[in-house]
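Dropping a structure here in structure tokens format, bear with me for questions.
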Amino acid sequence: MHSDRLPPHDIDAEEAVNGSLLIDGRAIYEIATFLQPVDFYSEQNRWIYQSCISLYQRDEAINQITVAQELDREGKLEKCGGAAYLSHLISVVPTSLDIEHYARIVYRLSVMRQLISASDKISDIGYEADHDVSAALNRAEDVLFRLRRYGSMDFVHIKNVLDKYFEAPPAPDSEGYQPIPYVFSGLIGLDDFLGGFQRSDLIVIAGRPSMGKTSLALNIARYAAVEQSASIALFSLEMFRDTLVQRLLSSETGINSRRIRLGLNTEEEEGKIIEAIGKLSEAPIYIDDSPQLRVMEMRSKARRLHYEHGIDMVIVDYLQLLQGEGRNENRVQEISYISRSLKALARELNIPVIAISQLSRAVEWRASHVPQLSDLRDSGSIEQDADLVTFIYRDEAYYTEDEWRIQHPEEEYPREMADIIIAKHRNGPTGQVKVRFRHNLTRFENLAKAEPNLL
């Protein structure tokens with residue numbers, strides 16, 4: 001129908017983006033989170049931007065020489081117009097200051113082209129549809145949904161989420177940020193054991209479903225941000241930010257999260273919630289709940305947040321939901337790439353990075369359900385890359401009180417008890433710490449005596 005019309009595009013904007021990168025390669029931090037090579041209309045500009053991305057992924061410098069070498073290595077330098085075209089790109093823009101503006105133009109027009117493509121797909125669905133109108137509509141809606149989700153959400157300060165509940169005080173000013181030496185969990189036994197989470201470490205918190213992995217991560221984020229004023233970047237690929245905040249409010253107030261969600265609060269509880277909102281609103285916690293996130297995109301977002309505000313810890317929930325870059329032959333290789341990238345991020349920003357990880361079903365098949373390092377799902381490289389591997393284990397998740405009494409007649413039923421098992425500790429001993437897990441409050445608590453047991 002529109003074969004005589006050119007798709008929306010702006011070659012000048014594409015050249016301005018690439019020219020800006022050739023002038024200042026660090027400018028890629030500003031655009032790599034949303035702009036992809038496929039967004040370029042011109043093939044030669046797409047190849048040049050892909051070369052910049054490839055250099056960025058390898059943490060190599062981006063400039064006219066390195067980009068030319070990368071294009072030549074791919075056999076595309078002459079197809080792109082050679083060194084002369086790269087020199088032309090540098091002459092297009094005087095500085096890289098406006099790169100995000102140009103990148104947004106390229107991105108917006110890319111979405112318009114995808115909208116045209118989506119309309120063609122929907123048209124095909126209409127022509128191919130049989131009598132099942134509902135199925136056809138669902139397919140059409142899916143096409144538009146995928147387009148609407150193109151790209152990803154960005155960070156949202158926790159205050160903006162809490163504003164939905166009550167009017168919150170303004171967010172704290174990030175000026176004068178100073179990195180803190182160690183980030184603590186607030187669990188005395190664990191902190192005594194580890195001496196805090198070390199900078200540049202990759203920490204893995206692993207467990208089977210419903211063990212409390214996300215709850216422990218939120219406990220750590222809350223304690224570090226509220227009690228230490230540590231800035232936390234939280235990537236939640238599984239839970240919506242409102243759900244995370246409800247959990248934080250439940251943990252902070254001691255009110256069941258279901259009551260908070262349904263608004264079944266007494267006047268006294270309302271007062272506690274208001275007080276908790278005031279406290280959490282001041283906490284420097286930044287939440288990104290993009291459900292589909294590439295690991296490179298996640299690293300770019302963390303870098304940008306670090307440069308803008310300064311961050312003391314990154315938490316990823318959870319590792320297996322991150323996407324690689326589509327170049328890996330299988331899932332094991334993809335997970336290996338992701339775990340290496342998380343470790344590289346920890347070293348680059350010199351902060352602890354906590355990655356929540358699933359465990360394989362092999363745990364369920366053994367007589368003893370206590371996790372082992374071999375249970376880490378999809379790849380042994382997680383164990384290799386991590387500086388610290390912890391497992392959460394609760395007998396209560398596997399045994400009813402009656403079953404426990406039959407098998408352990410001399411022992412008290414471990415109600416609300418959890419073991420945090422330090423299975424790998426690159427800089428110290430392994431062992432385990434007993435804590436209390438208040439499931440209805442999604443909160444881990446100290447025991448009266450929380451001395452760690454060394455292994």
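Please treat every number below as a calculation from the coordinates, not as lab data. Small disclaimer: the values here were computed from a predicted structure and weren't measured. Every residue, glycine as well, gets a Cβ built from its backbone with ideal geometry; the counts of neighbours run over all protein chains shown.
Using +1 on the beta carbon of Lys and Arg, -1 on that of Asp and Glu, and nothing else charged, what's the dipole of the chain about the Cα centre, debye to 20?
About 420 debye.
By the scheme Lys and Arg +1, Asp and Glu -1, what is the net charge of all other residues having a beta-carbon under 10 Å from that of Lys279?
Net charge around Lys279: -2.
Just want to confirm a number: the relative contact order over the range 1-145, from Cα pairs under 8 angstrom separated by 6+ residues, in percent.
The value is 34 percent.
How long are the three semi-axes of the equivalent ellipsoid of the range 215-351, in whole Å, if each is the root of 5 times an eigenvalue of the C-alpha gyration tensor, listed from largest down?
32, 17, 10
Still on this structure: Order these peptides, 381-390, 339-348, 15-24, by their mean beta-carbon neighbour count within 10 angstrom, highest first.
Those peptides, ordered most packed to least, come out 15-24, 381-390, 339-348.
What is the P(r) of the range 190-282, as percent of Cα-Cα pairs per 10 Å bin from 0?
Going out from 0 Å in 10 Å bins, the range 190-282 shows 13, 44, 32, 10, 1 percent.
Something else: Grab the beta carbon distance between Ser119 and Ser91, set R0 = 41 Å, and tell me the FRET efficiency rounded to 0.05.
0.60
Starting from the amide H of Ile285, placed 1.01 Å from N in the peptide plane, find each other amide H under 5 Å away whose residue is 5 or more places distant or on another chain.
Here Ile158, Ile232 satisfy the definition.
Mean 1/r over all different Cα pairs, inverted: what Kirkwood radius does the range 1-145 give, in Å?
It works out to 16.7 Å.
Shifting gears a bit: Take the Cα radius of gyration of the range 18-59 and divide it by 2.2 N^0.38 Å, with N its residue count; two decimals is plenty.
Against the empirical 2.2 N^0.38 Å value, I get 1.04 for the range 18-59.
Could I ask something else about it? Using just the helices of the chain, give the 222 nm mean residue ellipticity in deg cm²/dmol: DSSP H runs with n ≥ 4 each add -39,500 (n - 2.57), and the total is spread over all residues, rounded to 500.
Here the helix-only value at 222 nm equals -14000 deg cm²/dmol.
For the chain, what ratio Rg/Rh do Cα atoms give with a Kirkwood hydrodynamic radius?
1.02
Can I ask one more? Would you mind checking the tilt of helix 99-128 against the longest principal axis of the Cα atoms of the chain, expressed as 0 to 90 degrees and rounded to 10?
Here the helix axis deviates by roughly 90 degrees.
Suppose R0 equals 35 Å; then what is the FRET efficiency for Leu262 and Ser229 from their Cβ-Cβ distance, rounded to the nearest 0.05?
0.60
What is the sum of charges, Lys and Arg at +1 and Asp and Glu at -1, for the other residues whose Cβ falls under 11 Å from the Cβ of Pro414?
My count for the surroundings of Pro414 gives -3.
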